[in-house]
Amino acid sequence: MNVIEHCRISPPPGTVADQLLPLTFFDIPFIPLPHIQKLLFYEFHHHSKTHFTDTLIPHLKHSLSLTLKHFFPLAANLILPSSNSSNPQIRYAEGDSVSLVFSESSDDFNYLTGNQERNADQFHLLIPQITNWSDSVTTVEVVPLAAIQVTLFPESGICFGFAYHHVLADGKAFHGFMKSWASISKFGWSDAELLGRSTRVDSKNDDDDDDELEYFGFTADCRGRLDPPMPATYFGNCLAFCFARATHGQLMEEKQGFFVAAESIGAAIAERLHEPEGVLKGAETWLSELKSLKMDRLRSIAGSPKISLYEPDFGWGRPRKTEIISIDFTGAFSISECRDSQGDVEFGVSLPKITMDAFASIFVNDLKKLM
């Protein structure tokens, strides 16, 4: 990996006023979580290094600056007080910026974008690094909210790597930023055109106890289920927590385990989204409920098939491959729409090699039994 340029991009001067944004109820649960990491690979065989440095880099820097005018929290910081004297908040000040790295890779583009088992370590080189720092004057911890890396694979393609804090936004909101940047880069949309499309921010062992509960955690977008509903273009977090439960014995039952899991997930969704008292029923206990669970009994999902990760087009067509890399250390499964088959979904899983081999074998054998 060769770094070509490391710069910082701000909204155009004078376009965004200094702001302090208090965290909402939906943001606070994500404060302790690590940054989300996503990759978008674009196939483009005519990108030489010269074209990349002379033409594409200036263009992407300019279009990103224009996009940040409407998504300025990406350039802001999360401020974490050292004591309980004040609350965490997002702070944006004139001149705040997003770290943008341009790099070149000699790795095999086709290998990285394939559907076969791959070495996760190679993906981490494509993700930008984010480092917290402490303000010596105010004694607060400052957490950058986002960073971007664009990597050239000469004569093969380009990869966009994103790292962002979940406090900044949920997947749907951040996807709105990616689509907007891609559209501005491709079409050069005006403010009026863009504002019509986006909104500025105001493993188990066989001898486990069969009676032990296993949990599957996921979130549900509740923008349209609040009263009054949030606009679909709201930038931030607006998620409700859902937990499906079943015993280990039920899930391990050879013929019925899969169906037990599916029914449990369906029941959890129905319970949350069709609650007569509203989607936020019991929200005051979500965090305490999560903390009470045994983490080694919890599996979760990152992403959603309703978020069209294959939609952003910077001018080279749809992404050839998308990946959620942060599952490598969160232990979650990733899920997204299928690129080439409408209605199907893509799953991603990151496991140690010996575990992955066992998982692949079990998955294929069980899938054959269901077909």
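The values are calculated or read from the model by the stated rules, or taken from the named source; none is laboratory data. Quantities reported herein were computed from a predicted structural model and do not represent experimental measurements. No Cβ is skipped: glycine too gets one built from the backbone with ideal geometry, and neighbour counts run over all protein chains shown.
Points worth noting:
- Within segment 270-289, being β-branched (Val, Ile, Thr) and either more than 23 Å from Asp27 (Cβ to Cβ) or in contact with a helix residue (DSSP H, G or I) (Cβ under 8 Å, 6 or more places away or on another chain) (or both) holds for one residue alone: Val279.
- Checking each residue in segment 54-93 for being of a type in the set (D, E, K, R) and either closer than 19 Å to Arg200 by Cα or touching a Ser or Thr at 6+ places or on another chain (Cβ under 6 Å) (or both) picks out Lys69, Arg91.
- Tallying residues that are at pLDDT below 90, under 23 Å from Met178 (Cα atoms) and part of a helix (DSSP H, G or I) within segment 42-60 yields 1.
- If the condition is being part of a loop (DSSP other than H, G, I, E, B), under 22 Å from the mean Cα position of the chain (by Cα) and either crowded, with 21+ Cβ neighbours inside 10 Å or at positive phi (or both), then segment 68-95 contributes His70, Phe71, Ala76.
- Flag if Leu239 is farther than 19 Å from Thr330 by Cα and of a type in the set (A, V, I, L, M, F, W, C): no
- Candidate set from segment 348-370 (those that are under 25 Å from Lys306 (Cβ atoms) and out of contact with any Phe, Trp or Tyr (no Cβ under 6 Å at 6 or more places or on another chain)); member that is surrounded by the fewest Cβ atoms within 10 Å (Cβ to Cβ): Leu370
- In summary, Val279 fulfils each of the numbered conditions (1) more than 27 Å from Leu21 (Cβ to Cβ); (2) among the hydrophobic types (A, V, I, L, M, F, W, C); (3) at pLDDT 80 or above with the single exception of condition (1).
- Just one of (1) over 18 Å from Val3 (Cβ atoms); (2) at pLDDT 95 or above; (3) not polar (S, T, N, Q) fails for Ala120. It is (2).
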